[in-house]
Amino acid sequence: MADVNRGNRPLSPHLSVYRPLWTMVLSITHRITGVGMALSLTMITWWFLALAVNETYFDVANAVMTSVVGGFILIVSLWGLSFHFCNGIRHLFWDTGTGLELETAYKSGLAVMAGSVVLTVIGVLVVRGVI
């Protein structure tokens, strides 16, 4: 039988209903960085494939990748990889039942953010030849 009361049921709450919590922001960021890594991997693959095609095509791809915008994208991609890695380790601890308390989850989220920034800075310094 058809549901005659279809229009009177409440709708699911949207993100605008909830107050953003630290763990919620980290969860959303984890998903976004996962998608971002897939997109940046496509860009890096294009760079390597251009090397295999010919020198002229590689010069174009290399100009894009080494430009200011390309460098920014690579640094943001490195941060996304670092964040995803650190947050993945955090989730491995959660899988064992460790660190699920609210205060510990908050502190581990701060550690994930700090760790991802530190790993990104170290990565940039290594690529630049400073370290």
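Summary of computed values
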read-out	value
Criterion violated by THR120 - all others in (1) β-branched (Val, Ile, Thr); (2) part of a helix (DSSP H, G or I); (3) exposed (fewer than 15 other Cβ atoms within 10 Å of the Cβ) satisfied	(3)
Scan of the stretch 14-58 for residues that are part of a loop (DSSP other than H, G, I, E, B) and among the β-branched types (Val, Ile, Thr), ordered by number	VAL17
Scan of the stretch 61-90 for residues that are assigned to a helix (DSSP H, G or I) and loosely packed, with under 12 Cβ neighbours inside 10 Å, ordered by number	ALA63, VAL68, VAL69, PHE72
Within the stretch 9-58, tally of residues that are hydrophobic (A, V, I, L, M, F, W, C) and closer than 23 Å to LEU102 by Cβ	8
Residue pairs meeting the criteria (Cβ under 7 Å; at least 6 apart or on separate chains; first more than 23 Å from ALA61 (Cα to Cα), in the stretch 22-48; second among the small types (Gly, Ala, Ser))	TRP22/GLY109; THR23/ALA105; THR23/GLY109; LEU26/GLY109; THR33/GLY80
Qualifying residue in the stretch 49-60 (condition: among the polar types (S, T, N, Q) and surrounded by 10 or more Cβ atoms within 10 Å (Cβ to Cβ))	no
Failed condition for VAL124, given (1) under 16 Å from SER27 (Cβ atoms); (2) in contact with a helix residue (DSSP H, G or I) (Cβ under 8 Å, 6 or more places away or on another chain); (3) of a type in the set (A, V, I, L, M)	(1)
Whichever residue in the stretch 17-37 is in contact with a helix residue (DSSP H, G or I) (Cβ under 6 Å, 6 or more places away or on another chain) and hydroxyl-bearing (Ser, Thr, Tyr) and, among such residues, is surrounded by the fewest Cβ atoms within 10 Å (Cβ to Cβ)	THR23
Candidate set: the stretch 91-110, residues that are exposed (fewer than 14 other Cβ atoms within 10 Å of the Cβ), part of a helix (DSSP H, G or I) and aliphatic (A, V, I, L, M); chosen: the one modelled with the lowest pLDDT	LEU102
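The values are calculated or read from the model by the stated rules, or taken from the named source; none is laboratory data. For clarity, every value in this text was computed on a predicted model and none was experimentally measured. Don't worry about glycine lacking a Cβ; one is built from the backbone with ideal geometry, like all the others, and counts go over all protein chains shown.
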